[in-house]
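None of the figures in this text is laboratory data; all of them are computed from the coordinates on show. As the structure is a prediction and not an experimental result, all values here were calculated from the model. Don't worry about glycine lacking a Cβ; one is built from the backbone with ideal geometry, like all the others, and counts go over all protein chains shown.
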Amino acid sequence: MTEETDVLIVGAGPSGLTLAGGLLSRGVRVRVIDRAERASPHSKAITLWPRAFEVFEALGAGRELYDRSVKLAATNYYTGDRHIGRLRMRPLAGTRFPVPVSLPQASTEEVLREVVQRHGGRIEFGRCLESFTQDDDGVTARLTDGTEIRAGWLVGCDGAHSTVREGAGVSFEGATYPQSFVLVDGEYDTEYAHDESYYVMGRTGVIVVAGLPGGLYRFFASVPPGVEVEDAEAAVAGAVAENSPLRADSVKVAGSGVFRIHRKLADRMRVGRVLLAGDAAHIHSPAGGLGLNTGVQDAGSLAWRLAGVVRRGLNEAELDAWQEERLFVARKVVAEADQQTRMWMLKGWRRWLRDIGITLGVRTGVIERVLPRRMAQLDLVLPAQGPAAGRLRPGSRIPDVPPAGRGQHLYELLGGGHVLLTVGNAGAAALTGLGLPDDVDPDVLRIVTVPSHGASALGAPRQALCLVRPDGVVAAAATPSDRSGVAALRSRLLTLVAPAPAASRAR
Ligand SMILES: Cc1cc2nc3c(=O)[nH]c(=O)nc-3n(C[C@H](O)[C@H](O)[C@H](O)COP(=O)(O)OP(=O)(O)OC[C@H]3O[C@@H](n4cnc5c(N)ncnc54)[C@H](O)[C@@H]3O)c2cc1C
């Protein structure tokens, strides 16, 4: 029997669940399958950054996840026994989730599954994709239980060993680090502060320590190349005994694991009606804790575009733009995580130079000002073209502040669609010249008037027009006097609010 749906999502990890929530909340028919028999109780990821929370919040789950997590107050660097720096995590401006936090991946997934269920979806555990074929109208997926699912679109959120990626013929090139890594989560009797993280660059490798909810800790350590790990708990205890400057005695183990770490990148994220998101498209070292964060942003930014294509006939070129944007981010993340991982392992004069760099960077406050914002990707500008207005340029993230200086924050007004900000009197007057249809669906576009005094907090000039995407990224911006800028904004606006009438459904 062939079952039908608009979108088939393979994989119910953080990327697949986020995508499912984003599509279901926009009225798209979705099926989510996962080959595992049940949800995994294990947690790989623990670090979450503001932009992931903004994606979760758009699904109504950001606040709950943030409240459950341990807020990071500082990060410490040790080289051997020497403490070379303490970087305070000052609250980041322009976001309602201002500090990085620790939350086990299992908890994040649990809340995301509830989101999917709240929107009428369900996770089909114990169903494994075997192969698929695609044609002009859709994709036919065959599962190992012999059933077929016909879908308009297939999205592979099926992790590093993605069946979808292989089936689509997408290459996944990269390398594997020579060290193994071990981790133990659990109760510790320790001198490490619970709300601070630690990078201990010791004699035989690195130890990373972070607090988890419920008073638990994660100890994550490298194992030198060539050393076989038989027991993760013994390996972590050995690394602590060998390298830790602070006392840490394991009291009760909640979870443990041994990992090899790779850095690999897909050469494409779209092949016709097949898309890839999350670890299926990019994997890298957990240094910086960005894997899950990047995957859920892939999904959050795909959800509104794919929903537009499925439900409203939005041009499929939007999916190519998504691919370009997300590969740009993935390349950056893979390179930066690689740089950090190598930094952990330096020896000789390079190690000495690194330690001086960290010491000076922390003492002068440069690292404190630059690093958290950079890791949080708040100032990351995505590849996009078009005119700018003040600091608002296409591809940049607009701050999440109340547009009128008080009241609701901007991202609360997005409601899953785009927002057109008219700033100042001239901005409001320019609205009439845009020729918007009278019956624009508020789920697709809302218009928000910003008084001139609210402009600077948004990075806007006192008179402006700015089109903001559902993920808080500027789609187009112009000052009212910039005629070609306004024309470019208008044309972008019309492709979004008045796409072709035909909806592409699975046939
Ligand atoms: C030790 C470690 C620590 C980490 N720490 C962090 C961190 O602190 N912060 C961070 O952001 N990231 C971290 N990461 C990375 C993070 O765990 C991953 O990036 C994240 O799990 C990716 O989510 P995903 O949904 O894309 O894929 P996955 O979580 O891998 O989910 C894929 C799902 O697809 C299913 N599946 C696979 N094949 C099929 C098939 N053929 N049919 C049906 N289902 C299938 C699987 O069962 C699985 O449930 C860490 C990783 C490791 C190893």
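So what's Rg/Rh here for region 410-497, counting alpha carbon atoms and using the Kirkwood radius for Rh?
My calculation of the ratio gives 0.92.
Using the basic label-point model (7 angstrom from Cα toward the beta carbon), what is the residue 117 to residue 73 distance in nanometres?
So the label points at residue 117 and residue 73 sit 3.6 nm apart.
Local charge sum around residue 189 (other residues, Cβ-Cβ under 12 Å, Lys/Arg +1, Asp/Glu -1)?
-1
When N counts the residues of region 289-445, how does its alpha-carbon radius of gyration compare numerically with 2.2 N^0.38 Å, as a ratio?
Against the empirical 2.2 N^0.38 Å value, I get 1.37 for region 289-445.
Find the Cα radius of gyration of region 10-101, compare it with 2.2 N^0.38 Å by division, and give the number to two decimals.
Compared with the compact-globule rule of thumb, region 10-101 sits at 1.41.
Return a whole-number percent for the relative contact order of the chain, with Cα pairs under 8 Å and 6 or more residues apart as the contact set.
16
Using only the alpha carbons of region 101-206, determine the length spanned along each of the three principal axes and report them from longest to shortest in whole angstroms.
Principal-axis extents of region 101-206 (Cα, largest first): 59, 38, 23 Å.
Got a sec to turn the phi values of region 18-23 into Karplus ³J(HN,Hα) couplings, 6.51 cos²θ - 1.76 cosθ + 1.60 with θ = phi - 60°, whole Hz, x for Gly and Pro?
Here the 3J(HN,Hα) series is 5, 5, 4, x, x, 7 Hz.
Would you please classify the overall shape of region 1-156 from the alpha carbon gyration tensor, given that a ≥ b ≥ c denote the square roots of the eigenvalues, rounded means a/c under 1.5, and beyond that prolate means a/b larger than b/c while oblate covers the rest?
Because a/c hits 1.5 or more and a/b exceeds b/c, region 1-156 counts as prolate.
Counting only other residues whose beta carbon sits under 10 Å from that of residue 157, what net charge do I get with K and R as +1, D and E as -1?
-4
Plugging the Kirkwood radius over Cα pairs into Stokes-Einstein for the chain, at a temperature of 37 °C and a viscosity of 0.692 mPa s, what D comes out in µm²/s?
In µm²/s, the coefficient is 137.
So what's the angle, to the nearest 10 degrees on a 0 to 90 scale, between helix 483-497 and the longest Cα principal axis of the chain?
With both axes taken from Cα atoms, the answer is about 80 degrees.
Which shape class applies to region 147-225: rounded if a/c is under 1.5, otherwise prolate when a/b exceeds b/c and oblate if not, where a ≥ b ≥ c are the square roots of the Cα gyration tensor eigenvalues?
oblate
Measure off 7 Å from each Cα along the Cα-to-Cβ vector at residue 242 and residue 203, then give the distance between these two points in nanometres to one decimal.
Each label point lies 7 Å from its Cα, and together they span 1.0 nm.
What is the helix-to-structure angle for 348-363, meaning the angle in degrees between its Cα long axis and the longest Cα principal axis of the chain, kept from 0 to 90 and rounded to the nearest 10?
With both axes taken from Cα atoms, the answer is about 60 degrees.
Pick out, from 204, 237, 257, the residue whose Cα sits farthest towards the positive end of the charge dipole of region 175-262, with +1 on the Cβ of Lys and Arg and -1 on the Cβ of Asp and Glu.
204
Could you tell me how many degrees, from 0 to 90 and to the nearest 10, lie between the Cα long axis of helix 105-118 and the main elongation axis, the longest principal axis, of the Cα atoms of the chain?
Once rounded, one gets 30 degrees.
In debye to the nearest 20, how big a dipole does the chain give about its Cα centre with +1 on each Lys and Arg Cβ and -1 on each Asp and Glu Cβ?
1640
Okay, helix-only estimate at 222 nm for the chain: each DSSP H run of n ≥ 4 adds -39500 (n - 2.57), divide by all residues, round to 500 deg cm²/dmol; what do you get?
Mean residue ellipticity, 222 nm, calculated: -10000 deg cm²/dmol.
Restricting the count to DSSP beta bridges whose residues both fall in the chain, what percent are antiparallel, rounded to a multiple of 5?
70
Regarding region 175-262, what are the three Cα extents along the principal axes, ordered largest first, in Å?
Per principal axis, max minus min of the Cα coordinates gives 35, 24, 21 Å.
Can you give me the Rg/Rh ratio for region 359-404, using Cα atoms for both radii and the Kirkwood formula for Rh?
With Rh from the inverse mean 1/r over Cα pairs, Rg/Rh is 1.12.
Provide the net charge surrounding residue 455, with neighbours chosen by a C-beta distance below 11 Å and charges set as Lys +1, Arg +1, Asp -1, Glu -1.
+2
Using +1 at the Cβ of each Lys and Arg and -1 at the Cβ of each Asp and Glu in region 271-365, identify which of 308, 359, 339 lies farthest towards the dipole's positive end.
Most positive-ward Cα: 359.
For region 175-262, with only Lys/Arg (+1) and Asp/Glu (-1) charged at the beta-carbon, what is the dipole magnitude about the Cα centre, in debye rounded to 20?
In total the dipole reaches around 260 debye.
Which of 52, 75, 163 sits farthest toward the positive end of the charge dipole of the chain, with +1 on the Cβ of Lys and Arg and -1 on the Cβ of Asp and Glu?
My answer, from the dipole projection, is 75.
Taking region 202-312, how much of its Cα-Cα pair set, in percent, is spaced more than 20 angstrom apart?
Cα-Cα pairs in region 202-312 separated by more than 20 Å: 57 percent.
Where the only charges are on Cβ atoms (+1 Lys, Arg; -1 Asp, Glu), what is the dipole of region 61-104 about its Cα centre, to the nearest 20 debye?
Around 160 debye, computed over region 61-104.
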